[in-house]
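Only one structure is covered here, and it is reproduced in the block below.
The values are calculated or read from the model by the stated rules, or taken from the named source; none is laboratory data. No experiment lies behind these values; they were computed from the predicted model shown. Cβ placement follows ideal geometry from the backbone for every residue including glycine, while neighbour counts extend to all protein chains displayed. We work out accessible area using only protein heavy atoms, side chains counted, and drop any ligands, DNA or RNA first. Shrake-Rupley method; radii C 1.70, N 1.55, O 1.52, S 1.80 Å.
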Amino acid sequence: MDKATALRLHEAMLLTRLTEERIVKLFRQGKTLGSVYRSLGQEATACGTALALGPDDVIGPLIRDLGAMLVRGATPAEVFLQYLGRATGPSGGRDHNNHFGSVARGIIAPTSMLGALIPVMAGVALSFRQKGERRVAMTWIGDGGSSTGAFYEGLNFAVVQKLPLILVGEANGYAFSTPPERQMAGRMSQRSQGAFTLTVDGNDAAAVYAAAAEARQHCLDGKGPVFLVCETFRMKGHAEHDNQRYVDPELLTQWAAKDPLPRFEAWLAQRGWTPEPGLAASLEAELEAAAEAALEAPWPDPASLTQGVFASSFSS
Ligand SMILES: Cc1ncc(C[n+]2csc(CCOP(=O)(O)OP(=O)(O)O)c2C)c(N)n1
C-alpha cells in the first residue's frame, strides 16, 4: 500500500468512527428514527476491503459497513439525514440508517434481509462477465447471516459460474446475543463451498487491504469468487439499544487492545507517515455542521406517503 492510499484508509476509518459517534449523540437526544448500528472495532474490515476496489466495481454493503459506503463516496450528511428520516435524505424518509444506495457510486442499497444481497451481487458479477467487463462485485455477511439459505445459494452459484464476486465474511463474535458456536459447526471459513478462501485479521487495516487487493486480482484473473473472512469483534451491542450484557467484559478488554484505529496509526508511524495534523478536529467540525444542517432539514410531506414506495423508474 502506498502512502497516499494508507492515509486515505486511515481517514476513512476515522471518519466512520466519528460519524457513528455523532449519530449516537443524536440517538441519545431522541432525534434518530429507530436504533443505531455501530461498526465500532470493525472499521478496518469495512474500509480496508472497499478501498481495495476499482472505481467501476460495485458494492452491496450491510449495516456494519458504513465505512465501505463512505469510501465509495456516500457522505456523512446523507447518513445524518437518513437517520433523522428527513425529506432531503437519500430515501426521503422512507427508510433509515445506511439503507440507501447510489448507482452512480456503485453502491447497491443495504437491506435487512440477511444473505439476500449475496445472490443479488452474484447477479451483478454475472452481468460483468456477460458483458466482458473487468469489474468485480463485493458484498459482506456476518457470521449469523452465513447460516441463511441465501448465503449458500448465492455463494454456490458464484463458485459454479466462476463469477468475480468477493464475499467478505465478518466473523465478529456475536449475532445479536448468539456466539458462533451456538449457531454453526466449525469456523466461518469452512463455509466457502469451494470458493478461494482467505482468512485475515480483520482489525489489521493493512492486512485487510492487502487481502482484498489479492481477492480482487483473483477475480479479475477469471478464477472465480473469493470468500474473504475477516476475524474481528463487534465492540457494541447489536445496536445502541442493546447493552450487550451477554458479552464477557474480559473479551471486550482483549479486543479493545486490538482496536484497528490506533493499530493502524502505529503502522503508519513505523513508516514515518503522519496523518494531517488536526485531522480529527477538522472532521468533527465538518460532521457537526452536517448534523446541524440535517436537524434543520424538512420532514417528508405526509401527502407524499405513497410515493417512492414502489420503483417507477431506476435512477441514481
Ligand atoms: C434473513 C434474516 N433473518 C433474521 C434477521 C434478523 N437479524 C438482523 S441482524 C441479525 C444478527 C446478525 O448477525 P451477524 O450476521 O453475525 O451480523 P452482525 O450483526 O454480528 O454484524 C439477525 C438475526 C434478518 N435481518 N434477516
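A few remarks follow.
- Those residues of segment 277-300 which are closer than 19 Å to Gly30 by Cβ and of a type in the set (D, E, K, R), in sequence order: Glu288, Glu292, Glu296
- Counting only helices (runs of 4 or more DSSP H) wholly contained in segment 204-316, the ones carrying 1 or more residues that are surrounded by fewer than 11 Cβ atoms within 10 Å (Cβ to Cβ) occupy 249-256, 260-270, 279-296.
- Those residues of segment 231-242 which are within 17 Å of Ile23 (Cα to Cα) and out of contact with any Leu (no Cβ under 6 Å at 6 or more places or on another chain), in sequence order: Gly237, His238, Ala239, Glu240, His241, Asp242
- Under the condition of being within 16 Å of the ligand (Cβ to nearest atom) and aromatic (Phe, Trp, Tyr), the residues counted in segment 25-58 number 1.
- For segment 80-112, filtered to residues that are charged (D, E, K, R) and buried (at least 17 other Cβ atoms within 10 Å of the Cβ), the residue that is nearest to the chain's Cα centre (by Cα) is Asp95.
- Test: residue in segment 23-34 that is in contact (Cβ under 8 Å) with a residue 60 or more places away in the chain, under 23 Å from Thr232 (Cα atoms) and not hydrophobic (A, V, I, L, M, F, W, C): no
- Scan of segment 1-60 for residues that are within 16 Å of Asn203 (Cα to Cα) and of a type in the set (Val, Ile, Thr), ordered by number: Thr16, Thr45, Thr49
- Hits in segment 139-166 (condition: under 14 Å from Ser192 (Cβ atoms) and within 13 Å of the ligand (Cβ to nearest atom)): Ile141, Asp143, Ser146, Phe151, Tyr152, Gly154
- Meets criteria (at positive phi and more than 13 Å from the ligand (Cβ to nearest atom)) for Gly173: no
- Pick from segment 176-203, criterion part of a helix (DSSP H, G or I) and away from the ligand (no atom under 14 Å from the Cβ), ranking: most open to solvent (accessible area, probe 1.4 Å): Gln190
- Residue in segment 286-294 that is in contact with a Leu (Cβ under 8 Å, 6 or more places away or on another chain) and farther than 17 Å from Thr16 by Cβ present: yes
- Taken together, Ala116, Ala74 contain a single residue that is in contact with a strand residue (DSSP E or B) (Cβ under 8 Å, 6 or more places away or on another chain) and either open to solvent by less than 10 Å² (accessible area, probe 1.4 Å) or without any contact (Cβ under 8 Å) to a residue 60 or more places away in the chain (or both), which is Ala74.
- Yes/no for Ile63 being in contact with a helix residue (DSSP H, G or I) (Cβ under 9 Å, 6 or more places away or on another chain), of a type in the set (Val, Ile, Thr) and either open to solvent by 10 Å² or more (accessible area, probe 1.4 Å) or under 15 Å from Val103 (Cα atoms) (or both): no
- All positions within segment 1-23 that are in a loop (DSSP other than H, G, I, E, B) and either surrounded by fewer than 17 Cβ atoms within 10 Å (Cβ to Cβ) or among the hydroxyl-bearing types (Ser, Thr, Tyr) (or both): Asp2
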